[in-house]
Amino acid sequence: MVNKENFNQISPSEFFYRNRDLAGFSNPARSLYTAVREFVENGLDACDQHNILPKIHISIKAVDPEKNDPKQYILTVKDNGPGMNSKHIPLAFGTVLYGSKFGLKQARGMFGLGATMAILYAQITTNQPVKITSSTDGEIRDEYELLIDIQKNKPVVLKHTTSPHKSSGLSVSICLDGDYSKAGTKIRDYIYQTSLITPYSTITFDDPKNSKFSYDRIVTTMPTPPTIINPHPYGVDVETMRRMIALSTFELPEFNSSLIKQIKSEINLDNKTRDTKKILLKAKKSWRKLSTPTKMALSILSFLDIKLDDLDGIRIEDIDVSAKQLHYWDGAKSVNMLLDTTSKYYSDLVKMSQGETLTVFLTKRFQRIGKITAQNLSEFAGFKPEKRVGTLTNQDIVQFCNALQKFNFLPPDPTCLAPLGEDSLNVGINKFFKPDFSTVIQRNASAYSGFPFVIEIGIAYGGDIPHDGIKLFRFANRIPLLYDEGSDVVSKVISDIDWTRYKIKGEAPMVIVSHICSTRVPYKTVGKENVADRPEIEREIKLALQFLSRKMASYMSKRGRADMVKKRVNLYQKYLPLISQFCTELAGVKKEPNYKNMLELVAREANHDTEKTSE
């Protein structure tokens, strides 16, 4: 007997409902931490995109303070960003994998998943709706309460009200199962490190134990907001290329009364003129100024033996250029018409239906490709530059994509990135660690698989840093990475470096702050806690650390010499008076030699060396 197997399709929210561990919601402690992180990052992203100095407030309150963990908490995160338009709120917070972060630019969020997953987790653990308040103009505030229909991946709005308000921004509040006794340290570390990597933000936190934590901004200069750019050729695969070609080719217009009215308006046609030849002749005089739908409609009209008004009701099914045929529905039946290739409208129709030439397509839709590069690339791939993209077969697209990976292009455009900057990072390091020595480097933009990235790294030594060995602080797109440090690419590079070559030995009081910003950080998991060891990224980190380590070694050498001079001065101060007294007694005289001038000279040299070291 053969068992019947049932096949079903599940929605994205259903998938993550069953596999919430993938997004970092594996237990109450980790879930509470992840929910805080996702909402804070959304608030910071919103402020960054609109060049608003962020002010984030986080509140966690226990529903029943007397109960032991794990228990229900109410998490609320408010920001002073631009708010969200009311019409987008239900879908943005009630649909998994829906958002505004899928463009090619740097942002903390990447998948449109984090905040919705936190809401989904809250719903399945407490069955409480999420409460969202938003004001975009600082005058009216929209308040929503909604749940997620997990099976349909759709929002269910329970309540929507509006009320007067005095400031713009967004507030999200959820009730979820959490374990603050275990997650509290991580949450406080996360807020502390976030304020380090975003020194232009003010972050306050009220925890369930009535403790308050506040980190005021220490700089008022924000990084330049990243911009959306065209993709780099190295990052384009066959599917992406196919979609780009589909977008570049012109869609067949719908012939209706609106289009006919538009045609008459563009060629300034009066209602008395009905002769098709006269209409086409009039249109030809201003052909270049006409819109593409009008040109296409008139080109098709030239092949059909009908009046202009009769176009209403005609439906073009296909223009088969290879067979030189036009397929259309005349309102009663399908008609196949052989096109006259000698017609002056034929070439225009072919150009419009087959899309742009390879040269135009490449220069308009990719970064780092100019006209000459586009022509050279087309020939390198085995195609003529004037070939229309609409004529490429599936095999042609595969062949072209293979050529993209072998052609030499300029590095990706870094304007889609917003690194923190050396000055701001150095200010943050000195504010938080108070070291004796610090140095920072921002590497030039590089790329992996076509995605641009920038590495920023700072090293701090001595001062208030405890003698506990090298302490690493990792950030990616200004997100602190607190878990899985051992499997991160930065940890791997640090462990491969022979620090004794740079005079770093034992439990050195040293801090390394690493920051990678990219349009697509190669996280190993959806939980965004560790960065994969891509060779290009590993190389940039290694070069940055080696550069900083050489500066550190120079500092250590100067510091060693200064320490030696200090020891020598101490020896002189200790023994010269004794030697002077002994020599005086031995010589049988009463006046001691003037050794104090010598001590002052040596002390001045020691101070000079110390000042040079601090420089």
Compute the long axis of helix 238-248 from its Cα atoms, compare it with the longest principal axis of the Cα atoms of the chain, and write down the angle in degrees, 0 to 90, nearest 10. 50 degrees
Using only C-alpha positions, report the orientation-averaged shadow area of the convex hull of the range 120-213, nm², one decimal. 8.2 nm²
Roughly how tilted is helix 422-433, in degrees to the nearest 10 and between 0 and 90, from the longest Cα axis of the chain? 50 degrees
Among the listed pairs Lys285/Lys384; Lys295/Lys364; Lys131/Lys182, give every one whose C-alpha distance is greater than 24 Å. Lys285/Lys384; Lys131/Lys182
The lysines whose Cα lies under 23 Å from the Cα of Lys551, excluding any fewer than 8 residues away in the same chain, are Lys431, Lys434, Lys471, Lys492, Lys503, Lys505, Lys542, Lys566, Lys612
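Accessible area per residue, 1.4 Å probe, Å², for the chain: what's the number?
On the way: 31850 Å² over 615 residues.
In whole numbers, the chain has 52 Å² accessible per residue.
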Mind checking which of Ala297, Ala374, Asn153 is farthest towards the positive end of the chain's charge dipole, using Cβ charges of +1 (Lys, Arg) and -1 (Asp, Glu) about the Cα centre? Ala374
Tilt of helix 28-49 relative to the longest C-alpha principal axis of the chain, in degrees (0 to 90, nearest 10)? 70 degrees
The range 147-192: Cα Rg divided by the 2.2 N^0.38 Å rule of thumb: 1.75
Long-range share for the range 477-565, i.e. C-alpha pairs more than 15 Å apart as a percent of all pairs, stands at 64 percent
Whole-number Å³ per residue for the convex hull built on Cα positions in the chain: 297 Å³
Which of His327, His50, His467 is most accessible, then next, and so on - probe 1.4 Å: His467, His50, His327
Computed over the Cα atoms, what is the radius of gyration of the range 554-603 divided by 2.2 N^0.38 Å, N being its residue count? 1.51
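Let me know the charge dipole size of the chain about its Cα centre in debye, to the nearest 20, where only the beta-carbon of Lys, Arg (+1) and Asp, Glu (-1) is charged.
1260 debye
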Farthest toward positive dipole pole in the chain [+1 Lys/Arg, -1 Asp/Glu at C-beta], among Ala323, Ala587, Gln354: Ala587
Distance from the Cα centre of the range 354-383 to that of the range 131-196, in angstrom? 46 Å
Given the -39500 (n - 2.57) contribution per DSSP H run of 4+ residues, what per-residue ellipticity at 222 nm results for the chain, rounded to the nearest 500 deg cm²/dmol? -12500 deg cm²/dmol
I'd like the Karplus ³J(HN,Hα) series for the range 198-203: coefficients 6.51, -1.76, 1.60, θ = phi - 60°, whole numbers in Hz, and an x wherever there's a Gly or Pro. 10, x, 8, 10, 10, 10
How far apart, in nm, are the 7 Å Cα→Cβ label points at Met337 and Ser487? 6.3 nm
Positive-end residue, the range 309-461 charge dipole about Cα centroid, Cβ charges, pick of Gly458, Thr391, Leu339: Gly458
P(r) for the range 417-546, please, calculated from all Cα pair distances in 5 Å bins and given in %. 2, 11, 22, 24, 21, 13, 6, 1, 0
Between Thr224 and Glu536, Cβ-based FRET efficiency (R0 25 Å, step 0.05) works out to 0.60
Show which aspartates and glutamates lie in cross-link reach of Lys371 when reach means a straight Cα distance below 18 angstrom and same-chain residues fewer than eight apart are skipped. Glu356, Glu379, Glu386, Asp413
How many angstrom separate the Cα center of the range 424-479 from the Cα center of the range 531-574? 15 Å
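R0 = 41 Å: FRET efficiency of Glu605 with Thr185, Cβ-based, nearest 0.05? Write down the numbers at each step before the final one.
Working: r = 48 Å, r/R0 = 1.17.
In this case the efficiency is close to 0.30.
Can you give the FRET efficiency to the nearest 0.05 for Leu578 and Ile497, using r as the Cβ-Cβ distance and R₀ = 51 Å?
Efficiency at R0 = 51 Å is approximately 0.60.
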When the C-alpha atoms of the range 278-399 are aligned to their principal axes, what extent does each axis show, in angstrom, from largest down? 47, 33, 25
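Work out the length of the dipole vector of the range 418-467 about its Cα centre, built from +1 on the beta-carbon of each Lys and Arg and -1 on the beta-carbon of each Asp and Glu, and round it to the nearest 20 debye.
It comes to approximately 80 debye.
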Over the alpha carbons of the range 28-95, what is the largest minus smallest coordinate on each principal axis, giving the biggest first in Å? 42, 27, 18
Which of the aspartates and glutamates could be linked to Lys278 by a straight reach, that is with a Cα gap under 18 Å, when you skip same-chain ones fewer than 8 residues away? Glu266, Asp270, Asp305, Asp309, Asp310
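Using the Cα centre as the reference, give the magnitude of the dipole from point charges on the C-beta atoms of the range 486-615 (Lys, Arg: +1; Asp, Glu: -1; all else neutral), rounded to the nearest 20 debye.
240 debye
The values are calculated or read from the model by the stated rules, or taken from the named source; none is laboratory data. These figures come from a predicted structure and were not determined experimentally. In this analysis, Cβ positions are derived from the backbone assuming ideal geometry, glycine residues included, and neighbour counts consider all displayed protein chains. Heavy atoms of the whole protein, side chains included, go into the accessibility calculation; ligands, DNA and RNA do not. Shrake-Rupley method; radii C 1.70, N 1.55, O 1.52, S 1.80 Å.
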